[in-house]
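**Student:** If you scroll down you'll find the structure; I have some questions about it.
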Amino acid sequence: MDAKTLPKLHRSSYMQGETTPLDGDSRAGASAARSAALPLLIYVLALGTFLMGTTEFIVAGVLPDIAGDLQVSVAHAGLLITVFAIGMIVGAPLMAMLTLRLPQRVALILALAVFAVGHVVVAVGDSFAVLLLARLITAFAAGAFWALAAVVATRVAGPARGARAMGLVNAGGMLATALGVPLGAFAGQLIGWRGTFWALAVLALAATALISRHVPHEEGHTRSVSVRAEVAELRSGRLWLALAGCAATTGGVLAAYSYISPLLTDQAGVPARLVPLALVGFGVGALVGSLVAGRLGDAHPHVVTLVAPVATAILLGVICLASGMPWLTAAVVVLLGFFGLGANPVLIALAVRFAGRAPTLGSALTVSAFNAGTAVGSWIAGLALTSTLGAAGPAAVGLVIVVLAVVPAVALAHIARRRAARTPESGDATTTNALAGAGATI
């Protein structure tokens, strides 16, 4: 195998989301590439996703303060959370198409600038309707940033480290759950809920400066593409399987997590003062799981995406059956964060690959899939909470949804194995180019 053929083979396997047989030297080179340090830009993008994750859930920590200040009910103020989720579902693919012709660097800067302005409007607004509109626009910007961050991270990191880079970028969002939201709630007590939004606006401007400095210009890259051409690239059956995995895994886990407090206190007997520690444990588990899965995902993507939902289903089953044991339940909640959300960066990386020449739109659809799964899962879990299942109902709903996630994981693994069996051992450049040019469909 000559030096010119190897990169083509590696690029082909990357774009198709599977492992191509390589000789010893090639495997050693791929392993060295995977273990190399990631560029500083990946950490800058992780800072951005940390801000996006923090603002998505920060309202929950200051909801009573907002309701009292604006003289609305707490339930009515909760619409600020709902409208943000809707904005992420719709806004991510919409903004991906609207910014299609912009350089990715410019689009990231624009998204962060709009994000900062949205927080300023919330911080100074005295009308609930204005706050709703500002949250919706902020969600559009957050969805655009998430989608673009995934594409830029995988492009800068290179094929051998795509999932690892996504693990780190995704860890920024996980860190928001474990650290950003509690800190935001604490800051709200010290400086008021408006001060919290001012702080997020300032941090967004700082992130804008870092993005401007570290994201490389796309020299030699043209953005003269059409929406029709991008949408045509979404015919990939494997892309939609990956998106189904995104929706089912996250929907199942967050169906249980959204109502974990009553499960811990009413059924497991955990003291209410210790519930925040369990929630922080979930966030830390999700953070570590994202980093570990990112490390393993480049070499074994389908193992990760299959093991994660199976382990998550077992953990949810344990919660349903042993919820009367406080310490066991608390430990399982931490493991639920590790396995339940750990596969997300690998699923995102696979979706970006399977989207072919429409990686930004493919990435944006993962944002929509995650949020749609969360919205549907938490809604059904809320109904189950009032059923005869009681506090264990949301965990039972999550178990059913996560089991469904095994189906696309098995299908993707089977397709990858079938394609790998057809891949020749030789380094024939003609065959390699044919593989690289194989369409996006199954």
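Rule-based calculations on the coordinates, nothing more; no lab input. Here the structure is a predicted model, which is why all the values come from computation and not from measurement. In this analysis, Cβ positions are derived from the backbone assuming ideal geometry, glycine residues included, and neighbour counts consider all displayed protein chains.
**Student:** Express in whole angstrom the spacing between the alpha-carbon centres of the range 340-415 and the range 271-295.
**Tutor:** 19
**Student:** Another question, if that's okay. Each residue of the range 122-138 in order: what ³J(HN,Hα) in whole Hz does its phi give by Karplus 6.51 cos²θ - 1.76 cosθ + 1.60, θ = phi - 60°, with x for Gly and Pro?
**Tutor:** 5, 5, 9, x, 10, 10, 5, 5, 5, 4, 4, 5, 5, 5, 5, 5, 4
**Student:** What is the packing order of peptides 122-131, 196-205, taking the mean over residues of other C-beta atoms within 10 Å and listing the highest first?
**Tutor:** Ranking the peptides 122-131, 196-205 by packing returns 196-205, 122-131.
**Student:** When N is the residue count of the range 40-218, what does its C-alpha Rg come to as a fraction of 2.2 N^0.38 Å?
**Tutor:** 1.01
**Student:** Continuing with this model, one more query. How much of the pair distance distribution for the range 114-158 lies past 14 Å, counting alpha-carbon pairs only, in percent?
**Tutor:** The answer is 55 percent, as a whole percent.
**Student:** Fully extended, how many nm does the chain gain between Thr82 and Arg357 (0.36 nm per residue separation, minus their Cα-Cα distance)?
**Tutor:** So the extension gain works out to 95.8 nm.
**Student:** Working from the alpha-carbon coordinates of the range 233-422, get Rg over Rh, Rh being the Kirkwood radius.
**Tutor:** Rounded to two decimals, Rg/Rh equals 1.01.
**Student:** Quickly rank 334-340, 62-68 as a protection proxy: mean count of other C-beta atoms within 10 Å, highest first.
**Tutor:** Ranking, from highest mean packing down: 334-340, 62-68.
**Student:** Thinking of the range 263-367 as a set of Cα atoms, what percent of all their pairs are more than 23 Å apart?
**Tutor:** Summing the P(r) of the range 263-367 above 23 Å gives 37 percent of all pairs.
**Student:** Packing-wise, with mean Cβ within 10 Å as the measure, how do 188-195, 94-101 rank, highest first?
**Tutor:** Ranked by mean Cβ neighbours within 10 Å, highest first: 94-101, 188-195.
**Student:** Now, a different point. Averaging sequence separations of C-alpha pairs under 8 Å and six or more residues apart, then dividing by the length of the range 124-254, give the relative contact order as a whole percent.
**Tutor:** Relative contact order comes out at 10 percent.
**Student:** Suppose we look only past 13 Å in the calculated P(r) of the range 83-160. What percent of the Cα-Cα pairs does that tail hold?
**Tutor:** Cα-Cα pairs of the range 83-160 separated by over 13 Å account for 66 percent.
**Student:** Normalised by the number of residues in the range 233-422, what is the relative contact order in percent for Cα pairs under 8 Å and 6+ residues apart?
**Tutor:** This gives 42 percent for the range 233-422.
**Student:** Using +1 on the beta carbon of Lys and Arg, -1 on that of Asp and Glu, and nothing else charged, what's the dipole of the range 102-227 about the Cα centre, debye to 20?
**Tutor:** So the magnitude is around 240 debye.
**Student:** Could you grab the relative contact order for the range 40-218? Cα pairs under 8 Å, six or more apart, rounded to a whole percent.
**Tutor:** Relative contact order comes out at 41 percent.
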